[in-house]
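A short reminder: the numbers here are calculations on the coordinates, not readings from a lab. Small disclaimer: the values here were computed from a predicted structure and weren't measured. All Cβ positions, even for glycine, are placed from backbone atoms using ideal geometry, and neighbour counts span all protein chains on display.
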Amino acid sequence: MSLIEQIWQNSGLYQMTGGQAVMLVICLLLLYLGIVRKFEPLLLVTIGFGGLLSNIPGVEIATGDGLLHLMYVFGIGTGAFPLIIFMGVGALTDFGPLLANPRTLFLGAAAQFGIFATLLGALGLTAMGIMDFSVREAAAIGIIGGADGPTAIYVAGKLAPNLLGAIAVAAYSYMALVPLIQPPIMKALTTAAEREIEMVQLREVSKAERIIFPLVLLLLVALLLPSAAPLIGMLAFGNLMRECGVVDRLSHTTQNALINTVTIFLGLAVGSKLSAEEFLIPSTLGILLLGIVAFAIGTASGVLMGKLMNLVSKQPINPLIGAAGVSAVPMAARVANKVGLDANPHNILLMHAMGPNVAGVIGSAIAAGIMIMFTS
Amino acid sequence: MSLIEQIWQNSGLYQMTGGQAVMLVICLLLLYLGIVRKFEPLLLVTIGFGGLLSNIPGVEIATGDGLLHLMYVFGIGTGAFPLIIFMGVGALTDFGPLLANPRTLFLGAAAQFGIFATLLGALGLTAMGIMDFSVREAAAIGIIGGADGPTAIYVAGKLAPNLLGAIAVAAYSYMALVPLIQPPIMKALTTAAEREIEMVQLREVSKAERIIFPLVLLLLVALLLPSAAPLIGMLAFGNLMRECGVVDRLSHTTQNALINTVTIFLGLAVGSKLSAEEFLIPSTLGILLLGIVAFAIGTASGVLMGKLMNLVSKQPINPLIGAAGVSAVPMAARVANKVGLDANPHNILLMHAMGPNVAGVIGSAIAAGIMIMFTS
Amino acid sequence: MSLIEQIWQNSGLYQMTGGQAVMLVICLLLLYLGIVRKFEPLLLVTIGFGGLLSNIPGVEIATGDGLLHLMYVFGIGTGAFPLIIFMGVGALTDFGPLLANPRTLFLGAAAQFGIFATLLGALGLTAMGIMDFSVREAAAIGIIGGADGPTAIYVAGKLAPNLLGAIAVAAYSYMALVPLIQPPIMKALTTAAEREIEMVQLREVSKAERIIFPLVLLLLVALLLPSAAPLIGMLAFGNLMRECGVVDRLSHTTQNALINTVTIFLGLAVGSKLSAEEFLIPSTLGILLLGIVAFAIGTASGVLMGKLMNLVSKQPINPLIGAAGVSAVPMAARVANKVGLDANPHNILLMHAMGPNVAGVIGSAIAAGIMIMFTS
Amino acid sequence: MQNELIKEGLTLMLAGMGTVFVFLTALVIFMSLISRLVMRFQSAPDTGNPSDAEVAAITAAVARHRQK
Amino acid sequence: MQNELIKEGLTLMLAGMGTVFVFLTALVIFMSLISRLVMRFQSAPDTGNPSDAEVAAITAAVARHRQK
Amino acid sequence: MQNELIKEGLTLMLAGMGTVFVFLTALVIFMSLISRLVMRFQSAPDTGNPSDAEVAAITAAVARHRQK
Ligand code: NA
Ligand code: NA
Ligand code: NA
């Protein structure tokens, strides 16, 4: 009799808390979004499954000596996983469109306003007594507006590890929702005539420029903002391996086995922060709310900057490509292209939008460096 | 003179113990079995070579700061390597035949009787004063009967690290010997008429069922037996990546670079437990003996369950496929197929045997969870 | 106002030391050599970029909890990275030409004289008061003459971690300069008639010999010089996986994803030792000077041994292939081939030079074992 | 002491085989339910059963898909 | 206290957007300079401008290269 | 002190080159022995030497194998 009792008392049915049950449902929802809706599946599937594992009662998986907790400590606590992912992003990114039209970097700069507006919002909610975020936490929440997963995870791991789960889920979910969030904002802020603007074709970019770019990027960071050097440095390293043409076997592994392996471990490790007691707190609601505001403001800032640049520039600039400045590569560029096509069926904006799109990756890494410098 | 003396005193010839010499021969034998006889080469070659390295006198390889010892501590002591291998096994396993005929899960359940009978045997030998196994050690030895390498290594790493070398060697050696061990037992327990039974063709399994299966598996474990959640969870995660269709790049890396890399490190780390002083003990003989008994009992239980199910079921079931319930994927299924073909040249049992075969993987992971729950 | 001041005081422009600026230029030079001149690009690009990152002021990258420092501690401090690279080298190396003509092992032995002559030179400079190297440091510097990157890094990590950056840079730079350093020495020490010597075609080597070779190599090390067992053991393991034919999936991963990943991390970790305060010291100049002397003496010893063997041997031996005994695989063998073709356009020495070339890898690993045994 | 060990072993065997069977029985039941649900749900949008031609086309497509 | 928080937020926003723009402006300037240098340097060995045929051949080659 | 250093260096050189040569000589001897054993063992099942046609066929097959 005591035998069955022992099995029963060790069972999940006996030990499970309401919070854990709620989190299991939420994680199944993340898996649904990833698998059926195809929202950022690489991360939502891994994070979602990691979240399921983390809410199984009575067994060390996301705590103590559990595998997911070890992955968190060694991979995210040290910053290694997001930095290696950033190296992979560098190896996968073609900065050609940006180099062909460097002015689009300004669009990537403007879109980072979402980050800082959200930071202010988080502090405002705290000042009003609605939430209780420290400056470090507010900074980590703001980075959601950068629409860049590894940057958000890196910053949250440094400044607000307690909120990392919610921040990562918000970042990837909203990145996936870009096709829903951005078009209404883009249309509200532009006239039909602006959306129809055709842009001149991009010039070819030489191999030398491509090789020099990551080095210039790194040296500028070294001179101006060293706190952004880990992120920007690994991005630049990956891109140099891609473009230099003499280490193709390293570049190939970085783009495939290495980034894939680290993505799996990163996702599971992030999932380990989706335990009920860490995730089911009022802050999470605040983060989800602030996150979508960040995306909206970033989109709007990019579009408005596009309008401004179109006014002052000799060559026409379609302001829609400003929305791609939030990053969310390559989804945001595709959205800009699609909204452009809706207005003018001959208007292929995709390559033009890739410039601000990858500029947004650099911009949010710079913003991350600022946050880390000022708050640590 | 003292110079040559120093070299001589540091040489292996001077320092080698008899035990180390014996272990070098045993490890060469493992390499012979792996390379020439092609017995589970992925593990016997890596374990065998790791064992050679571990028996070189006077140098830290399998001890202290040596590479193999570090691999053991970080990879097996934490459970990370067997769990990652299990993720890879999930990504490589097609559960379709099991889903097409879920009743074959009972065959996978019955075959686990070998595990518990062996546990009892190990305790019996101790009660008789022949051996001296604790309950935890007996539990780890029993798992050899699960015919599943990573499960055995995971459980041994948790419950009886001192016996891990012998348990891993026994598990993989007997898995390789399945074509020799099983057929006589299968033939002894079945009539020619039973062996000739043809089974109805398996139905197609939809993509939705394939995706839902790993999730149901995980949720059942969470509700019923959380202590099995790490093993079953990683298996389910690998299988979900395989079947969901939206993370093929992760699935591909899991099935190739990741599982191969971890297999190499796992094999070397297991080899680090083949040092003479840990392996050349009376327990090892007991483990090898009990291991083969476990395989035999598991095989017999599976076949007898097959006979029982054939009696009570409307659709015919060939009891030979019960032998595949021990797992040893896919060797045991092939053996069932071959013995079936010997009895009836038109009888292709392979896909029918794959059901109990993969069910055996789940069954032994559940048994492992029980062992861990009751003894820790 | 204080805001801009804070940004300014955290900027690299404000914090950068002269030494860091010099190191940034040196690292850009390494990148130039790797990318434009294609000198050992796999290592010079990764080490050079790691060096750039390590000289960014005011941010933890190559120190404290920085990623590159962690890679150094866990990957090089433990010896894991060079040993895994050596496993990969084993998996990539065809020992066939050596087995077809085992006498060429003597050429690989003779070329190791550069190692010990340089050790003596380093101690001589210290005795003269010009430099200040301990015996351990002198031993680590000598290994540069082995012309084998992972061996040099492994030994430096064990005996002289403070000099590791300079030693690694010297080793890879001079390996890349083999086509410039070796030909004048080779021509000075041989007559035109000797350079024209044609060698008899190599016999086919059976699969059995190829499989047995790594095992014999390991067992000899175990018996004679256990301190070389980690390096030789991993080399032999990689080669056994390559040749045994039953673990091709492991061999493939070892030759690709695994060695590439570890190469990236190794290069970055070595780069973390290129910080100004560790690299810009008088010792570095001494190391660079001694390193090139080591290469020159090694080359000369190999060629002279070739001349001697040609005198005493029945079958003709072209002394040029002795130069390949320094290793620097496969560059040194190609150089021997090229100098041979210059003397005799029908003289294809490439495969004959591969024998001493891979023998040099074994020879320097043995020399490394001696160094470690005597000085630790 | 010795009887204790054997008793503990018997207990573990009983509990173990029991749990294995309970677990796998639950899995059989759940997956059978889900299979039925999936099949009903997937054929629901169809108006009636697929024609023979449809079956042939689908089978071929599935076979091609699974070969990948 | 509450005003402090808002003030700190405004400071961060100002400093942050400022730095982002300064940095990216510097990047625009440097890369434009380098582009010009590279183009001048690369066409320096040529004697004059490439002919139309050359341009067509180069364009095709580059397009082929970039498709890889 | 200084003489000590030089002496230690000379000792290491002597011991080092000695060990390298002893080791590689042992390797030469062992591998030559094994090569002979392997060749004898592998040709043992044959009745006599292979014909010229066999040699040609085997050589071609081996060459094809090694190209992979
Ligand atoms: Na961004
Ligand atoms: Na099993
Ligand atoms: Na060498």
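So the values come out like this:
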quantity	calculated
Cα long-axis angle, helix B:350-375 against chain B (0 to 90 degrees, to the nearest 10)	60
Charge dipole magnitude, Cβ of K and R +1, D and E -1 - the range A:16-375, Cα centre, debye nearest 20	620
Spatially proximal lysines relative to residue A:307 (Cα-Cα < 21 Å; intrachain offsets below 8 disregarded)	A:187, A:338
Which of E:6, B:366 has the fewest Cβ neighbours within 10 Å, and the rest in rising order	E:6, B:366
Per-selection Kirkwood Rh - the range B:16-375 (Cα, Å, 1 d.p.)	20.4
Teacher prompt: residue C:245 distances to equivalent labels in other copies, 7 Å Cα→Cβ, nm	4.2, 4.2
Intensity falloff of the protein assembly as shown expressed as log10 I(q)/I(0), Debye formula with alpha-carbon point scatterers, at q = 0.08, 0.09 Å⁻¹	-1.07, -1.29
7 Å along Cα→Cβ, label-point gaps from residue F:10 to other copies, nm, shortest first	8.1, 8.1
Using a 7 Å Cα-to-Cβ projection, residue C:281 label spacings across copies, nm, ascending	4.6, 4.6
Neighbour-count order for F:29, C:26, fewest beta carbons within 10 angstrom listed first	F:29, C:26
Relative contact order for chain C, counting Cα pairs under 8 Å that sit 6 or more residues apart, in percent	30
Partner chain coverage, peptide A:20-26 - average Cβ within 10 angstrom	1
Degrees, to the nearest 10: C:331-343 long Cα axis against longest axis of chain C	50
Per-residue mean of C-beta atoms belonging to partner chains within 10 Å, peptide A:197-204	1
Shielding by partners - mean other protein chain Cβ count within 10 Å, residues of C:242-254	5
Taking B:253, B:78 and counting other C-beta atoms within 10 Å, the order from fewest to most	B:78, B:253
In degrees, nearest ten, helix C:113-127 long axis to first principal axis of chain C (Cα)	40
Mean residue ellipticity (222 nm) of the protein assembly as shown, computed from DSSP H runs ≥ 4 via -39,500 (n - 2.57), nearest 500	-23000 deg cm²/dmol
Normalised contact order of the range B:279-376, rounded percent, pairs of Cα under 8 Å and 6 or more residues apart	21
Alpha-carbon Debye profile of the range C:129-281, log10 I(q)/I(0) at 0.17, 0.21 Å⁻¹	-1.19, -1.26
Minimum Cβ-to-axis distance in chain B for the rotation onto chain C, with residue, whole Å	B:257, 2
Sites residue C:17 and residue E:7, calculated FRET efficiency, Cβ-Cβ separation with R0 41 Å, nearest 0.05	0.70
Residue with peak Gaussian network fluctuation, chain B [Cα springs, cutoff 10 Å], from B:272, B:134, B:206	B:206
Phi to ³J(HN,Hα) by Karplus 6.51 cos²θ - 1.76 cosθ + 1.60 over the range B:181-191, Hz, x for Gly, Pro	6, 6, x, x, 5, 4, 6, 5, 9, 10, 8
Calculated Rg and Dmax of the range E:1-42 using C-alpha coordinates, Å	18.0, 60
